Amino acid sequence: MGPLVGIVMGSESDLDVMKGAAEMLRQFEVEPELTIVSAHRTPGRLKVYAKKAKERGLKVIIAGAGGAAHLPGMIAAHTIIPVIGVPVKSSNSIDGWDSILSILQMPYGVPVATVALNGAKNAGILAAQILALHDTSIAGKLEAFKEYQDDIVKESAKNVKNMGFRNEFD
């Protein structure tokens, strides 16, 4: 069986951010595919990627882009597979706001789930949650991940209390 999640980015410069999605998916034993597809420089490649994604077995696509950030929306326009957009703060961006708004402000009929600026790790978790709806193994790993996060926060609260700060909650 091939990859269930496709991770695409507009250029190689986005890789430092987007590899976070792959790292998170691998924690849940989901091996993604990863490639570069530019909405502006390779529109034909984008259309083929999106149109063939379902027949290749993909269940979710994570698309990250900086600047004008049309990649997630254009992929969503060509497929029924859920698309998670990751706005990337790039060297030519306006503090990332151009990317955020380009992905967030999608027109009716072309939804893109959007995570925070450079939030590829959350995109990986969200993709795993979508897959977990039909895969109990992934669901179990997500439950364990949530419990681990709970333990980390409780330990942090204990550390703060041990520093002499008052805490009536714990």
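Going down the table (K89/K146; K89/K158; K19/K158; K54/K141; K89/K154), which pairs top 30 Å between alpha carbons? Please report the intermediate quantities before stating the final value.
Details: K89/K146 28 Å; K89/K158 35 Å; K19/K158 33 Å; K54/K141 25 Å; K89/K154 32 Å.
Table pairs above 30 Å Cα-Cα are K89/K158; K19/K158; K89/K154.
If I fit a long axis through the Cα atoms of helix 120-132 and take the longest principal axis of the Cα atoms of the chain, what angle between them do I get, 0 to 90°, rounded to 10?
That helix lies at roughly 90 degrees to the long axis.
Less than 14 Å Cβ to Cβ from S38, Lys/Arg counted +1 and Asp/Glu -1: what total charge do the surrounding residues give? Walk me through the intermediate numbers first.
Numbers: positive: R41, R45, K47; negative: E12, D14.
Net of charged neighbours comes to +1.
I want to verify a result. In a Gaussian network model of the chain, Cα cutoff 10 Å, which of these has the top mean-square fluctuation: T79, T35, T136?
Looking only at T79, T35, T136, the largest GNM fluctuation is found for T136.
Using a simple charge model, +1 on the beta-carbon of Lys and Arg, -1 on the beta-carbon of Asp and Glu, nothing else, what dipole does the chain show about its Cα centre, in debye to the nearest 20? Could you put the intermediate results ahead of the total?
Working: 18 positive and 18 negative charges, 106 e Å.
Its charge dipole is roughly 520 debye.
Amide H neighbours of V86 under 5 Å, counting only residues 5+ apart in sequence or on other chains, H built in-plane at 1.01 Å?
Residues meeting the criterion, in which the H sits 1.01 Å from N, are A63, G64, A65.
Using the Cα gyration tensor of the stretch 1-99, with a ≥ b ≥ c the square roots of its eigenvalues, what is the shape: rounded (a/c below 1.5), prolate (a/b larger than b/c) or oblate (neither)? Working shown, then result.
Numbers: a/c = 2.09, a/b = 1.26, b/c = 1.65.
Oblate shape, in that a/c is at least 1.5 and b/c is the bigger or equal ratio.
Could you give me the ³J(HN,Hα) list for the stretch 47-52, computed from phi with Karplus coefficients 6.51, -1.76, 1.60 and θ = phi - 60°, whole Hz, x at Gly and Pro?
Each residue of the stretch 47-52 in turn: 4, 5, 4, 5, 5, 9 Hz.
A short reminder: the numbers here are calculations on the coordinates, not readings from a lab. Quick caveat: nothing in here was measured; it's all calculated off a predicted structure. For neighbour counting, all protein chains shown are included, and Cβ atoms are generated from backbone atoms with ideal geometry for every residue, glycine included.
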